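Readers should treat all values here as calculations from the given coordinates under stated rules, not as data from a laboratory. Bear in mind the structure is a predicted one, so any value in this text is a computation, not a measurement. Please note: Cβ atoms are built from the backbone with ideal geometry, for glycine as well, and neighbour counts cover all protein chains shown.
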Amino acid sequence: MHRIGLLGGMSWHSTEQYYRGINQAVAEEQGGHASAPMVLDSADFAEIRAHQIAEDWDAAGDALAAAARRLVAADVEALAVGTNLMHKVAPAVERAVDVPLVHIADAVAQAGHLRGAGTLGLLGTAPTMLDSFYRERLESHGLGVVVPDAETCRLLDRRIFSELTLGEFPETTRAEFLAAMEELQGRGADVVVLGCTEIGLLVPPETAPVPTLDSVDAHVAALARFCLHGELPATPAARHASR
């Protein structure tokens, strides 16, 4: 199997889902006592969150790049950032190392195509929904993307950072996310992407009122495929080259 490095801790509640999911996939395919060769570098999320609030993305990128170098020093063959928002600094991570980064949006796009989706609704933090780094990555795979209005984006962002990343999952907040999902479906989304790694803990896909795609599940599946078979999801450049 191939050794993977996970940049986690952002938050640890979702990192736990990564560790469990990757190992479950490996055990299901290999059987017996098989588990994934994996190295975890778990960040102090308080430090990362301070960079996010200050919008100091250079410092955030430096922090993740340093973690990536530590993982490469531990002989990992590919890296993953276990959070959607911090893919805003994915280029800094990629510049720091010479192993591939399994980009979460590529994994989501691959899963969306497998579901036959043409348009994805996107829920997550405000930057994930409103900035270009994530939406354009999905669009570069030939997918349409719709997001909530700016006011709803800000509301969901507050709920994520005041509740979900702290491990709190109130029913009132669940109702707000369900309403946002239904609104995106009404605007043409074939599938709604849970584009924050804690949303699936609040609304497991099987309980959602609309078809959903949990970014954690998509990322975990891609990482398990790499671990087991050395396969990587198609990047936008590779997808375009194949046409």
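Could you pull out which residues in region 176-217 have an amide N less than 13 Å from a spot 7 Å beyond the Cα of Glu29, following the Cα-Cβ vector? Output list for this probe position: empty.
Computed from Cα positions, the angle between helix 104-114 and the longest principal axis of the chain comes to roughly 70 degrees. Only DSSP H runs of four or more residues enter the estimate; each adds -39500 (n - 2.57), and after division by the residues of the chain the mean residue ellipticity at 222 nm equals -16500 deg cm²/dmol. Across the chain, Cα pairs under 8 Å and at least six residues apart give a relative contact order of 24 percent.
Summary of the geometry: region 1-57 and region 166-215, compared by the centres of their Cα atoms, lie 22 Å apart.
Distance between the pseudo-spin-label points of Glu139 and His229 (7 Å out from Cα toward the beta carbon): 3.2 nm.
Taking Cα atoms only, the orientation of helix 45-54 departs from the longest principal axis of the chain by about 50 degrees. Helix 57-73 and the longest principal axis of the C-alpha atoms of the chain enclose an angle of approximately 30°.
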